[in-house]
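Scroll down for the structure; my scribbles are underneath it.
The values are calculated or read from the model by the stated rules, or taken from the named source; none is laboratory data. What you see is a predicted model; the values in this text were computed from it and never measured. Neighbour counts are summed over all protein chains in view; Cβ atoms, including those assigned to glycine, are modelled from backbone coordinates with ideal geometry.
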Amino acid sequence: MTEALDPRALIDALFILVLAAFVGYEVVSKVPTMLHTPLMSGANAVHGVIVVGAMLVAATADDPLRIVLAFVAVVLGTINVVGGFVVTDRMLEMFRGRGRGRGGDEAGKGEGGRR
């Protein structure tokens, strides 16, 4: 059941990881400061694909180590997605009017007077 790692495949995977990290750093470092928070909150929300991929890996895992790693990936991916939505919600709260809450003051007053 134990498969030997192909050294060439490992080197290729490490090369892609380093290249992706470098390109990601260069792209994000060029984003203006005002757009950095919306970019990152949107990117975190889109990372739900990672959760789906981790679930697919967990479904096909036959080794206890792979099952544990897939579970950790699902948990961390879920934290990332939820964090993205929380940051996005906080960011949108900054752009709403100061006198209005989540549903707006007008909606709350209208329903309370009818009862």
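Pairs are defined by a Cβ separation below 7 Å, a sequence spacing of at least 6 or placement on different chains, a first member in segment 51-77 that is aromatic (Phe, Trp, Tyr), and a second member that is surrounded by 14 or more Cβ atoms within 10 Å (Cβ to Cβ); the pairs so defined are PHE71/ALA58.
Counting only residues that are surrounded by fewer than 13 Cβ atoms within 10 Å (Cβ to Cβ) and closer than 20 Å to VAL86 by Cα, segment 53-75 holds 1 of them.
Does segment 59-66 contain any residue that is small (Gly, Ala, Ser), modelled with pLDDT of 90 or more and more than 24 Å from LEU35 (Cα to Cα)? Yes, segment 59-66 has at least one match.
Among the residues of segment 16-30, write down those that are charged (D, E, K, R) and in contact with a Leu (Cβ under 9 Å, 6 or more places away or on another chain). None - no residue of segment 16-30 is charged (D, E, K, R) and in contact with a Leu (Cβ under 9 Å, 6 or more places away or on another chain), so the list stays empty. Filtering segment 23-52 to residues that are surrounded by fewer than 12 Cβ atoms within 10 Å (Cβ to Cβ) and not in a helix (DSSP H, G or I) leaves LYS30, PRO32. Of the residues LEU56, LEU92, the single one that is modelled with pLDDT of 75 or more, part of a helix (DSSP H, G or I), more than 16 Å from the chain's Cα centre (by Cα) and more than 30 Å from GLU26 (Cβ to Cβ) is LEU56.
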